[in-house]
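Quick note: the coordinates plus some simple rules give every number you see, no bench work behind them. Note that the structure is predicted; figures quoted are calculated from it, not measured. Virtual Cβ from ideal backbone geometry, glycine too; neighbours counted across all protein chains shown.
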Amino acid sequence: MTKWLEDHLPKVVLAPSFIAVLIFVYGFIGWTAWVSLTRSKLLPKYDIHGFIQYERLFAAPRWDVAMNNLFIFGALFIVISMILGLLLAILLDQNIRTEGAIRTIYLYPMALSMIVTGTAWKWILNPGLGIEATVKGWGFESFTFDWLVNPNMAIYTIVIAAIWQSSGFVMALFLAGLRSVDTEIIRAAQVDGIPTWRVYTAIIIPSMAPIFLSAFIVLSHLAIKSFDLVIALTGGGPGFASDLPATYMYAMAFSRGDIGQAASSAMIMMAVVFTIVVPYLYSELRAKND
Amino acid sequence: MTDLAMSTARGQSRIGKVALRWLLYIALGLFALYYLMPLFVMITTSLKSLEEIRTGDLISLPREVTFDAWKTAWATACTGIQCEGVRPFFWNSVLIAVPAVMISTLIGALNGYVVAQWQFRGSNLFFAALLFGCFIPFQVVLLPMARVLGLMGVAGTIPGLIFVHVIYGLGFTTLFFRNYYVSIPSELTKAAKVDGAGFFRIFWSIFLPLSLPIIVVTVIWQFTQIWNDFLFGVSFSQAGTQPITVALNNIVNSTTGVKEYNVDMATAIIAALPTLLVYVVAGKYFIRGLTAGSVKG
Amino acid sequence: MKNYVFGAVSAVALMSANVVVAEPKAEVLHWWTSGGEARSVAVLQQEFADNGGTWTDMPVAGGGGDAAMSALRARVLAGNAPTAVQLKGPAIQEWYEEGVLADISAVAEAEGWADVLPASIAGHMQCEGSWCAAPVNVHRVDWIWANADVLEANGIAMPTTWDEFNAAAEKLQGAGIIPLAHGGQAWQDATVFEAVALGILGADGFRKAFVELDEATLTSDAMKSVFDQMRTLRGFVDPNFPGRDWNLATAMVMNGEAAFQIMGDWAKGEFLAAGKAPGEDFLCASVPGEGFLYNVDSFAMFDVDGEDNQAGQALLAKLIVGQSFQKVFNLNKGSIPARVDVALDEFDSCAHLSAEDMAASSEGGSLLPSYAHGMALRGAQSGAITDVVTSHFNSDMSSDEAVQQLATAIANSL
């Protein structure tokens, strides 16, 4: 018995998490799939009505806008946050005397709830109050920065605020990574006279592949779930120009009493995540096993 | 600090080195401005009187500094019928966040340890399945979770909220630890096994002592997520167990009432203080963890 | 007379408190959390406590009740429903259809609600003939607020038709004043839209369009004129309007930056909080056109176990519609009492106007539910309309296209 336990201990340790994931993630996805085939309104119902909810979803112009925004927002947010996070980590890794303070400054936005920082950003980005008004006040009368109120540009203001919130955490991840790189290898490379930037691009950055995986997962998770931010900053507006699938789904489920519709939009979101994330996970995990 | 930083400038001239240093500090300073801008707005607003906010510029410095808004936010702002500020809700959040962070970090460390060092058939599949679970939108799980909590008899209670946060935090905590432990050579585990050390002993005496930096990252992440969570907090609580974000929302998000922006901003900063504190304190451990790393290297 | 009624009510309350064995208890889910609103509910709690009840407060603000509604769903599914919930409009009937509401007809009949509530408002409180909710107040939505000094300085009277409004707005624009203070959030766009629609479609047209969802009316030429007027109004707002909170728009009117705002009577609270006097500093008038759009807040009672909870529901229902609460609450909130027999001596001139118009339009059949504030339609349909309205207002969509989209969106939402 103890022998069996000894051999199977790793599996026993994983078992509770495995069961939890099975029920609370995949079970609930299954539940959502079921509800997306019903005409549930205020509360979930379980009589199947075919694909009516998906037909309604694809007929809604607002959903198109939300999906487009997700791709624009997701791509920009993930790529810029990663680049900025890596850059800040490298800059901060150069023996900066005030590192502790600067690191905290970069990291703190994550600590604040977007319910209120959204209001601060709204004022900063508002042309009549914030940056535009200030720069105009300095005498640059032709300066304009009206993205917040421009239906074509509003989604980019959400990118700005989202990067502000999350890039510090990505920096922390990379900083932890930079410092666990084996210093022997770096010293050896420098003895060989390899220039610094080459040391970074050829040795240090590639050795941080698992950190990139963490950063990618963290950021895409934030991108797909971005909700508070949109609500607080633009409320999805002007019109519904800066709507995202998460806000669409929430509106359907909780302010419009249209749970079937919300479930179908959730399923499409999950499908998008699946097609993007799973190949990435697959390649990352396989590379590790080789 | 890696030795790289020390030696970066070795080959360059003295003047070039100084210029580069300055450039570096200017760049870091500019980024700091970008990060501080909203905080500046929040703090200045919280120090203004409502009268000044109503009439003046929203972004300018206060003409007259007053701490009334802070007092109101902490002790007398109305979050419903009770006008006791956010004070009573603070404790609820602590009761939820501290156990949930500890439990999910511990389970994540063990999971990560298994997935990284004790691989078996299907362990990678388990890891992938867990990771994909990170992406499930929380709005989706709200209703079925409510039903499950009801069946478990913990609906509206603090243990119920801890349970929910642990479940949906597992993906990330496992991810962080797995990615950290994967870079520790597996020879270490093998050697220890040859010496007769068991599963938990290796974890306890080899892996855990090396884990400080990643524990810090995980705790920062989990604490931030749980402390700032609103959706679960509002849905799975009842009167008496509501966390601070619900109180914050109640103060800030009134639809047809008079908006007191100074109180809103002060409340938001108060609500964020514990997370800010974690960041400042954890920052030190980053450095300590790093020293441990250089000893290892 | 007033004292007599007041005394009688508390006597009844006192008696019932003695008769009922169980001590009344209520957990109340509501979204009135800010200063003035919260003080208004506190009045109810006080009365509840005076009658021996124990009130557990469960406030959830945000999004005009969205957050509260998600909490409510979770609570109901967990089998842990609150005893009383702030609900309004057709949502009451929707929840009733889910079979989770309690019947409070006994209280309603004993208190004679049918005699003191306007018929159309009473209709919202009934589910298939039985009473299932208690009304708290009547907000009027179709108000137009103005800065008195700005109007005087420019020689403008309060407009009574949309043409007059447009002419006045152009004049103000010439004088460098923003004619219309507006916050570009979907619900505010919808608020302005329905005010315009009431004026142009008339009461019958409004009912056909936004209560009965009559397709012919929705795609009619009159509806196109409504969108035309929205396009005209779009020219009267400043470029920085998107996302602005309604109270910041009110502040623009207060400090003379802008002249008018179209908003419900909660805007009055902002004026009063800033120390402005109605009739002197600011003016209130109904939006051009005949009729009255109401937004009635109410509490529905959920089906719960326990005699103490049920006693709590009965007591709460009685107190909510009681004279004293109706008066004190609405004095605080800026709205008017739902029951028509409350003395209005202490109310201001805007509230008097509101009460007179409510009585008149109730007679004339033009007392109508506000679609923008969830009184006229279920969430899916009103949301579909709002999507089109806000998308039209924030783009260069033509009125023809807008009415087409309106018809499609509604068909898609059913």
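Observations
- In this simple spin-label model, placing a label point 7 Å from the Cα along the Cα-to-Cβ direction at both C:T408 and A:F58 gives a separation of 1.5 nm.
- Fraction of beta bridges assigned by DSSP in the protein assembly as shown that are antiparallel (%, nearest 5): 60 percent
- Placing +1 on the Cβ of every Lys and Arg and -1 on the Cβ of every Asp and Glu, with nothing else charged, gives region C:163-221 a dipole about its Cα centre of roughly 240 debye.
- Leading residue at positive end of dipole, the protein assembly as shown (Cβ point charges), from C:I104, A:L244, C:F193: A:L244
- Exposed loop sites were defined as chymotrypsin sites (Phe, Trp or Tyr not before Pro) in DSSP loop states (anything but H, G, I, E or B) carrying at most 13 other C-beta atoms within 10 Å; in chain A the longest segment without such a site runs A:141-290.
- Nearest-ten-degree value, helix C:162-174 long axis tilted from longest Cα axis of chain C: 60 degrees
- Taking Cβ atoms as reference points and 14 Å as the exclusive limit, the residues near C:D400 contribute a net charge of -2, counting Lys and Arg as +1 and Asp and Glu as -1.
- Value of Rg to Rh for the protein assembly as shown, rounded to two decimals, is 0.99; Kirkwood radius and Rg both from alpha-carbon coordinates.
- With N the number of residues in chain C, Rg(Cα) / (2.2 N^0.38 Å) evaluates to 1.00.
- By the count of neighbouring beta-carbon atoms within 10 Å, fewest first, C:C127, B:C83, B:C134 end up ordered B:C83, C:C127, B:C134.
- Under Karplus coefficients 6.51, -1.76 and 1.60, residue-wise ³J(HN,Hα) of region C:67-74 in Hz, glycine/proline x: 5, 4, 5, 6, 4, 4, 4, 4
- Amide H contacts of C:F292: C:L368, each under 5 Å away and 5 or more positions distant or on a separate chain (H built 1.01 Å from N in the peptide plane; Pro and chain starts excluded).
- Given charges at beta-carbon only (K, R positive; D, E negative), |dipole| of the protein assembly as shown in Debye: 5080 debye
- With the convex hull constructed from alpha-carbon coordinates only, region C:372-414 shows a mean projected area of 2.9 nm² over all directions.
- Chain C, dipole about Cα centre (Lys/Arg Cβ +1, Asp/Glu Cβ -1), debye to the nearest 20: 460 debye
- In chain C, the calculated helix contribution to ellipticity at 222 nm averages -16500 deg cm²/dmol per residue, counting -39,500 (n - 2.57) for every DSSP H run with n ≥ 4.
- Euclidean distance between Cα centres, region C:345-414 to region A:161-203, Å: 58 Å
- GNM top mover of C:F260, C:F236, C:F206 - chain C, alpha-carbon springs below 10 Å: C:F236
- In order along region B:123-132, phi translates into HN-Hα couplings of 5, 5, 5, 4, 4, 4, 5, 5, 5, 4 Hz, rounded to whole numbers, per the Karplus curve 6.51 cos²θ - 1.76 cosθ + 1.60 with θ = phi - 60° and x for Gly and Pro.
- For region B:152-213, radius of gyration divided by Kirkwood radius, i.e. Rg to Rh on alpha-carbons: 1.18
- Potential lengthening between C:K171 and C:V211 on full extension [0.36 nm per residue; Cα-Cα distance subtracted]: 10.8 nm
- Placing a label point 7 Å from the Cα of C:E23 along the Cα-to-Cβ line, the residues of region C:44-65 whose backbone N sits under 13 Å from it are C:49-56.
- Region B:93-130 and region C:140-201 have Cα centres separated by 59 Å.
- Under the shape rule built on the C-alpha gyration tensor, where the axes satisfy a ≥ b ≥ c, region C:255-414 is oblate, since a/c reaches at least 1.5 while a/b does not exceed b/c.
- Amide H within-cut-off set for C:F260, under 5 Å, with H built and near neighbours excluded: C:L180, C:A181
- Region A:12-81 and region B:220-271 have Cα centres lying 26 Å from one another.
- The DSSP beta bridges internal to chain C are antiparallel in roughly 60% of cases.
- Within a Gaussian network of chain A (alpha carbon springs, distance under 10 Å), most fluctuating of A:T247, A:T38, A:T98: A:T98
- For the residues A:D146, A:D182, A:D192, a GNM of chain A with alpha-carbon springs under 10 Å puts the largest fluctuation on A:D192.
- Loop-located chymotrypsin sites (Phe, Trp or Tyr not before Pro) in region C:101-196 whose Cβ has at most 14 other Cβ within 10 Å (DSSP): none
- Using the alpha-carbon positions of chain B, Rg (one decimal) and Dmax (whole number) come out as 23.9, 75 Å.
- Packing-based exposure ordering (other Cβ within 10 Å, fewest first) of B:T275, C:T232, B:T45: C:T232, B:T275, B:T45
- Taken one residue at a time, the phi angles of region B:23-28 give Karplus couplings (6.51, -1.76, 1.60, θ = phi - 60°) of 4, 4, 5, 5, 4, 4 Hz. Gly and Pro are set to x.
- For chain B, calculated [θ]222 nm from helices alone, where every DSSP H run of n ≥ 4 adds -39500 (n - 2.57): -23000 deg cm²/dmol
- Amide proton proximity set for C:G184, modelled H, under 5 Å, gap of 5+: C:G243, C:R244
- Given chain B, longest segment not containing exposed loop trypsin sites (Lys or Arg not before Pro) (DSSP; at most 12 other Cβ within 10 Å): B:122-297
- Kirkwood Rh, Cα atoms: Rg over Rh of region A:234-290: 1.22
- With semi-axes defined as the square roots of five times the eigenvalues of the C-alpha gyration tensor, the equivalent ellipsoid of chain A measures 37, 34, 16 Å, largest first.
- Placing R0 at 35 angstrom, the Cβ-Cβ distance between A:N152 and B:D68 gives a FRET efficiency of 0.25 after rounding to 0.05.
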